[in-house]
Amino acid sequence: MIETGISKLDEYLGGIPEGKSIIFQIEPGVEESNIAIHVLYHNLKKGLNGIYIASESSPKNVEKKFREFGWEIKNFNNLHIIDGYSSLIGAPSEEKFVVEEPHDIRSYEDVIIEIMEKVGGGGVLVFDSLSNIMDMCGERETLEGIERINRDVAKEGYTTIYNFISWPYKEAILYRLRRLFNAIIEVRTVEDVVARQRMEIKKADWCQAEGKKLEFKIFKPEGIRIYIPKISVIGPYQAGKTTFIKSISRNFTPVERLGATVGVEHGTVDYKQYRAEIFGIPGQERFLPLLDKLGSSSKGVFLVIDSTKPHEFELAKNMLAKFGDIPYVIVANKQDLPGALRKDELKNKMGLPEAEIVETVASQGKGVYEAFEKLVEKILECLNAG
Amino acid sequence: MKEEAYKKILSDLEAEANVEGSCIVSRDGILIYSSLKDVYAEAFAAMLATLLSSAEVAMDELKAGVPKKVIVDGKNRKIVVIGAGSHALLASITEGNADEIYEAMIKAAKKIDEVLSGKND
């Protein structure tokens with residue numbers, strides 16, 4: 001199995017069987033090369049062969065794109081770049097593999113076969129980009145060529161990744177495109193408040209992943225991150241919200257006076273391939289009117305409670321109710337203190353038998369990432385259900 | 001892309017008034033766009049939303065209407081925060097007079113609201 005290196009996507013797809021072809025149908029305006037670059041780099045690191053067809057920019061520029069993520073591709077002798085750009089602009093090429101006739105799809109086929117014969121089978125082939133090659137070689141001719149390429153490279157054990165900008169092509173072309181590939185992943189921009197990108201699996205003929213979605217942002221140099229623009233942290237006064245945020249995030253900005261939080265605190269969580277912006281809202285009852293204003297576009301909520309203070313649970317539930325029906329995890333904090341109620345007791349006491357509760361000692365960092373992962377899962381479930 | 005539109009609105013504002021930099025933030029504290037340098041803008045955005053929403057709640061308690069602007073008057077600089085439609089706020093930093101940038105901010109806020117609500121798509 002080949003991986004994309006985007007862990008959630010790999011989980012949905014169950015990996016990509018060798019020889020399959022995947023097209024990323026990318027909305028114009030999204031920086032299209034980045035996803036394929038990630039997939040390729042992930043597999044180069046694992047020692048697989050990589051072939052990158054550069055049709056939109058020079059091989060030097062491709063190197064630069066990798067370098068923006070801190071990746072030096074010169075270190076990989078298993079990467080082979082096909083220069084489909086230099087001859088297009090009439091410039092000499094320094095590359096070993098060059099497309100002599102960039103207006104003829106067969107010229108691309110010839111170079112791909114040449115490389116596969118030289119380096120042997122197994123690896124990842126990236127087309128950057130199919131839409132550009134279609135513009136140069138003709139739509140019909142390119143699609144016929146792609147059918148041949150998919151067949152040939154599959155025999156050699158290569159998985160093919162196509163970048164494709166979804167310009168308004170004729171329906172007949174799009175229909176043929178949909179049939180040509182084993183998997184289709186649509187990428188588009190979501191701009192409700194914060195701009196980010198959404199991937200949706202439209203087709204994958206080896207698994208049941210159709211309709212699965214994830215939202216992400218591309219950060220440089222960190223790379224692709226499943227992105228959650230807002231998670232609120234609420235809970236009664238002194239339950240440990242600030243400590244919880246501090247224990248899971250970087251760049252934490254506390255707003256404390258006399259030991260109490262008096263404003264919205266912020267931190268960024270970077271965990272595995274996730275990035276989330278965390279907003280802590282003060283817990284004193286007098287701040288409750290601010291919850292409506294400051295919590296509104298949250299994608300999920302951490303309700304932090306002091307597990308030794310059952311008399312505060314009603315207030316905690318009232319706070320949670322202000323967010324309506326959104327994913328939440330109850331962070332049962334201060335489990336190290338005598339008399340701390342355990343998960344099942346808390347479910348009973350709070351009258352929330354179905355609630356996801358994670359026992360934590362935030363001051364020691366215990367359980368905090370378990371809580372984070374559980375909430376992220378719930379947020380993704382919610383996205384996929386919607 | 002909306003980001004390009006926000007960039008232009010803020011650079012126009014900086015060209016028109018004595019504004020050092022600005023932030024567009026959702027009413028509940030998510031950073032939408034910032035032209036500020038050397039600031040951890042995500043956390044700054046959360047503070048700005050707290051400022052404006054706290055002012056709104058305080059004014060509401062007084063039954064004094066909606067606050068037109070919130071000014072934080074520092075030794076070297078001032079922060080001016082105003083609403084930009086029902087979903088966003090605009091905050092600008094100035095070394096000059098807060099009142100003098102207000103009119104230009106109002107114009108920018110109107111444009112931000114139009115972009116955010118897709119009225120100029």
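Listed here are the residues, each with its yes/no results for (1) facing another protein chain (nearest Cβ under 10 Å); (2) of a type in the set (A, V, I, L, M); (3) over 27 Å from A:GLU68 (Cβ atoms); (4) in contact with a Leu (Cβ under 9 Å, 6 or more places away or on another chain).
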position	(1), (2), (3), (4)
A:LYS202	no, no, yes, no
A:GLY211	no, no, yes, no
A:LYS220	no, no, no, no
A:GLY235	no, no, yes, yes
A:SER249	no, no, no, no
A:LEU290	yes, yes, yes, no
Q. What residue, of A:LYS241, A:LYS309, A:LYS299, is more than 10 Å from chain B (Cβ to nearest Cβ), basic (Lys, Arg), buried (at least 18 other Cβ atoms within 10 Å of the Cβ) and more than 28 Å from the chain's Cα centre (by Cα)?
A. A:LYS309
Q. Which condition number does B:VAL72 fail, the rest of (1) in a strand (DSSP E or B); (2) more than 14 Å from chain A (Cβ to nearest Cβ); (3) surrounded by fewer than 20 Cβ atoms within 10 Å (Cβ to Cβ) being met?
A. (2)
Q: Kindly provide the set of residues from the stretch B:1-26 that are outside any strand (DSSP E or B), within 30 Å of A:PRO28 (Cβ to Cβ) and not hydrophobic (A, V, I, L, M, F, W, C), ordered by number.
A: B:LYS2, B:GLU3, B:GLU4, B:TYR6, B:LYS7, B:LYS8, B:SER11, B:ASP12, B:GLU14
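Here is a check on your reading of the model: is A:LYS272 more than 13 Å from every other protein chain (Cβ to nearest Cβ) and over 24 Å from the mean Cα position of the chain (by Cα)?
When the stated conditions are applied, A:LYS272 does not pass them.
When you scan the stretch B:35-48, do you find a residue that is among the basic types (Lys, Arg), surrounded by fewer than 21 Cβ atoms within 10 Å (Cβ to Cβ) and without any contact (Cβ under 8 Å) to a residue 12 or more places away in the chain, even just one?
Here is the first cut: in the stretch B:35-48, the residues among the basic types (Lys, Arg) are B:37.
Subsequent filtering for residues that are surrounded by fewer than 21 Cβ atoms within 10 Å (Cβ to Cβ) retains B:37.
Subsequent filtering for residues that are without any contact (Cβ under 8 Å) to a residue 12 or more places away in the chain retains none.
No: the stretch B:35-48 contains no residue that is among the basic types (Lys, Arg), surrounded by fewer than 21 Cβ atoms within 10 Å (Cβ to Cβ) and without any contact (Cβ under 8 Å) to a residue 12 or more places away in the chain.
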Q. If A:ILE185 satisfies every condition in (1) crowded, with 21+ Cβ neighbours inside 10 Å; (2) among the aliphatic types (A, V, I, L, M); (3) closer than 30 Å to B:ALA84 by Cβ; (4) within 13 Å of the chain's Cα centre (by Cα) but one, which is the exception?
A. (3)
Q: Give the stretch A:105-121 a look and list any residue that's of a type in the set (Gly, Ala, Ser) and crowded, with 17+ Cβ neighbours inside 10 Å, or say none.
A: A:SER107
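Mind listing just one residue for me: the one in the stretch B:20-43 that is over 19 Å from B:ILE112 (Cα atoms) and among the hydrophobic types (A, V, I, L, M, F, W, C) and, of those, farthest from the other protein chains (Cβ to nearest Cβ)? Talk me through it step by step, then tell me what you get.
Of all residues in the stretch B:20-43, those over 19 Å from B:ILE112 (Cα atoms) come to B:37-40, B:43.
From what's left, among the hydrophobic types (A, V, I, L, M, F, W, C): B:39, B:43.
Values: B:VAL39: 11, B:ALA43: 4 Å.
If we take residues in the stretch B:20-43 being over 19 Å from B:ILE112 (Cα atoms) and among the hydrophobic types (A, V, I, L, M, F, W, C), then B:VAL39 is farthest from the other protein chains (Cβ to nearest Cβ).
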Q. From the residues in the stretch B:1-19 that are under 13 Å from B:SER35 (Cα atoms) and within 14 Å of chain A (Cβ to nearest Cβ), which one is surrounded by the most Cβ atoms within 10 Å (Cβ to Cβ)?
A. B:TYR6
(Q) Just to be sure before I move on: is B:ALA55 facing another protein chain (nearest Cβ under 10 Å) and out of contact with any Phe, Trp or Tyr (no Cβ under 6 Å at 6 or more places or on another chain) in the structure I sent? (A) no
(Q) Step by step: first the residues of the stretch A:151-170, then only those that are part of a loop (DSSP other than H, G, I, E, B) and among the aromatic types (Phe, Trp, Tyr), then the one that is farthest from A:ASN49 (Cα to Cα). Which residue is that? (A) A:TYR169
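Test of understanding: among A:GLY283, A:GLY263, which residue is within 13 Å of another protein chain (Cβ to nearest Cβ), modelled with pLDDT under 90 and in a loop (DSSP other than H, G, I, E, B)? Break it down into steps so the answer makes sense when it comes.
On the way: A:GLY283 fails: within 13 Å of another protein chain (Cβ to nearest Cβ).
Checking each option against the conditions leaves just A:GLY263.
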Q: Can you tell me which residue within the stretch A:185-200, out of those that are within 14 Å of chain B (Cβ to nearest Cβ) and of a type in the set (Lys, Arg), is farthest from B:ILE32 (Cα to Cα)?
A: A:ARG188
Q: Tell me which residues, restricted to the stretch A:171-188, are assigned to a strand (DSSP E or B) and either modelled with pLDDT under 90 or aliphatic (A, V, I, L, M) (or both).
A: A:ALA183, A:ILE184, A:ILE185, A:VAL187
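Going through B:ILE93, B:ILE106, B:ILE112, B:ILE79 one at a time, which residue ends up being in a helix (DSSP H, G or I), out of contact with any Phe, Trp or Tyr (no Cβ under 9 Å at 6 or more places or on another chain) and at negative phi?
Numbers: B:ILE93 fails: in a helix (DSSP H, G or I); B:ILE112 fails: out of contact with any Phe, Trp or Tyr (no Cβ under 9 Å at 6 or more places or on another chain); B:ILE79 fails: in a helix (DSSP H, G or I).
Unique residue meeting the criteria: B:ILE106.
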(Q) Please pick out the residue among A:ALA316, A:ALA332, A:ALA340, A:ALA355 that is surrounded by 15 or more Cβ atoms within 10 Å (Cβ to Cβ) and part of a helix (DSSP H, G or I). (A) A:ALA316
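The values are calculated or read from the model by the stated rules, or taken from the named source; none is laboratory data. Just so it is clear, the structure is predicted and the values come from calculations on it, not from any experiment. Cβ: placed from backbone, ideal geometry, glycine included. Neighbour counts: every protein chain shown.
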